[in-house]
Amino acid sequence: GTTCRPPVVRKLLIIGNSLTRHGPNEALGWPHNCGMAATGPEHDYAHLTLERIAAMQPQSRPEMVLTNLSDEAHMRGFEHVLPCDADLVIIQVGDNYRGAVNEEELQQPYAQMIAAIRAGGDPRVFCVSTWGNAAFNPFLRAAAGEQSAVFVDIHRLFADPLNRAASEGHFTHAGVNWHPGDRGMAAIAETLWTHLSALWQTD
């Protein structure tokens, strides 16, 4: 058959929460500006993923933009990313959701966000599950499926205590230590890559 040309990712947009980026916070004993709780940006899943994409297209390093929802608690507040001009979008939200766990309040707003992002230039969208709150994931998965986005389950990684920062001993705050440490971040990047790498596979 004919081999299709792999895509060139010019811009990677990651809509995330503290797992994607958290600024320094002295009260938490958290000194970094990167995905919590990696020991530096080069160890968080976002930068590991960027480097893997860059390695697939050495001629053209992608731009990476990291942002948050303005109201993750209600799965709202993505309008600032519109119109979306990224080629590749990773959505990593959900752990800070505080609304009702049902189709109306969780699944529909999440699906609307994917639809709005895809409306611009039809980027490829990958939806990362929650890290800790497993009850939310069936609704996120359903929304992703409905919007032709790829769902990436990382919750099973959370079940292994070695993937959490507490096991690595760099931080003392329980809230920080709940997050993935360097090992957990590498595992998230690895899991994400099993899905992302398909973009560059030619038949």
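The values are calculated or read from the model by the stated rules, or taken from the named source; none is laboratory data. Everything numeric here is computed off the predicted structure, so don't read it as measured data. Note that we place each Cβ from the backbone using ideal geometry, even for glycine, and neighbour counts take in every protein chain shown. Calculation scope for accessible area: heavy atoms of the full protein, side chains included, ligands and nucleic acids excluded. Shrake-Rupley method; radii C 1.70, N 1.55, O 1.52, S 1.80 Å.
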Heavy-atom accessible area of residue 157, protein chains in place, probe 1.4 angstrom, given in Å² to nearest 10, is 20 Å²
Per the charge dipole of segment 1-71 (beta-carbon charges, Lys/Arg positive, Asp/Glu negative, Cα centre), the residue among 47, 17, 57 reaching farthest to the positive end is 57
What helix-only [θ] at 222 nm does the chain give? Using -39500 (n - 2.57) per DSSP H run of at least 4, over all residues, to the nearest 500, the answer is -8500 deg cm²/dmol
Rounded to whole Å², per residue accessible area for the chain with a 1.4 Å probe reads 46 Å²
Per the C-alpha gyration tensor (a ≥ b ≥ c, the square roots of its eigenvalues), segment 25-94 is rounded if a/c is under 1.5, else prolate if a/b beats b/c, else oblate; here it's oblate
Expressed as a percent, the accessible surface of the chain that is carbon or sulfur, using a 1.4 Å probe and the full set of protein chains, is 51 percent
Counting Lys and Arg as +1 and Asp and Glu as -1 over every other residue whose Cβ sits under 15 Å from the Cβ of residue 147, the net charge comes to 0
Those trypsin sites (Lys or Arg not before Pro) from segment 1-102 that are DSSP loop and have at most 12 other Cβ neighbours within 10 Å turn out to be 98
The answer for the net charge of residues other than residue 69 whose Cβ lies under 12 angstrom from its Cβ, with Lys and Arg +1 and Asp and Glu -1, is -3
Non-local residues with an amide H under 5 Å from the amide H of residue 69, with H modelled 1.01 Å from N and Pro and chain starts lacking one, are 16
Taking Lys and Arg as +1 and Asp and Glu as -1, residues besides residue 40 with C-beta under 13 Å from its C-beta add up to -3
